[in-house]
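The values are calculated or read from the model by the stated rules, or taken from the named source; none is laboratory data. Bear in mind that the values here come from a model prediction, so they are computed numbers and not experimental data. Virtual Cβ from ideal backbone geometry, glycine too; neighbours counted across all protein chains shown.
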């Protein structure tokens, strides 16, 4: 695993990991003050846009397909909110086309990997996302078909795991534990974006924000309800868990009984991108301000619950 580098300053920005084939470009950046100002960390796993030439050379129609895999420019919304509030911020620079940080390292479509003669991988049954083409390394997209011109080498997959996936999740887990130890409780907001949803039932406004808490498993119900209330009061149509309930990030890092809670937030791209859903608009600041308000609302509640949790532990 690549060492992280730290520069001095109040926000203590760090970089970590390495994107294979990119001449040493960091896999992620982390801005998290120590000690933390708030018990909340924002993470953005799917907005990376560092595409090595070797990756693009293997991709069919890279200009079109790479963009379709991105949570395009949602990192700008998260950066705005972090700057306004002082919340910690972890942003992946590696693109989802290379490796999906919201998938388990075991969630591999082995048919797309070229293994050596002596290799005998332990083939775990693929999850439903992998069967649909969106596993650890995305394979296909609806209406597009196969994304790649050939198989991925076994060593290439290992380099992506060692350089990107492993250090990203180690950094994420470490920050959350430090926040929990300081405040008694920590909250991860895993920030994503989604294409516009179809109204259901007909005539009902489609949600422009979806909160996922793994159907109650990853976050205190009071916090999840407060998040929905705040976003609705801000004028957004909000849904819970459908169609996005959260994935591997929440499964791996959320541990409510140990004081670490997590919510996935999906913002519709129409809120902050142009009509082609390609370039940022003034909606970045507007959406970022809504997210900043949510952070302020939840940080007070997280700190209060964390203080009560400390009292409970001290009394045991």
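Of note:
- For residue 38, the conditions (1) within 23 Å of residue 262 (Cα to Cα); (2) part of a loop (DSSP other than H, G, I, E, B); (3) out of contact with any helix residue (DSSP H, G or I) (no Cβ under 6 Å at 6 or more places or on another chain); (4) at pLDDT 95 or above all hold with the exception of (3).
- Residue 41 being touching a strand residue (DSSP E or B) at 6+ places or on another chain (Cβ under 7 Å) and either under 30 Å from residue 295 (Cα atoms) or free of Cβ contacts under 8 Å to residues at least 40 places away in the same chain (or both): yes
- You will find that of 47, 78, 43, the residue that is part of a helix (DSSP H, G or I), within 26 Å of residue 196 (Cβ to Cβ) and either under 12 Å from the mean Cα position of the chain (by Cα) or modelled with pLDDT under 95 (or both) is 78 and no other.
- The helices (runs of 4 or more DSSP H) located wholly in the range 123-195 that include 3 or more residues which are more than 17 Å from residue 69 (Cβ to Cβ) and modelled with pLDDT of 95 or more occupy 154-160, 166-183.
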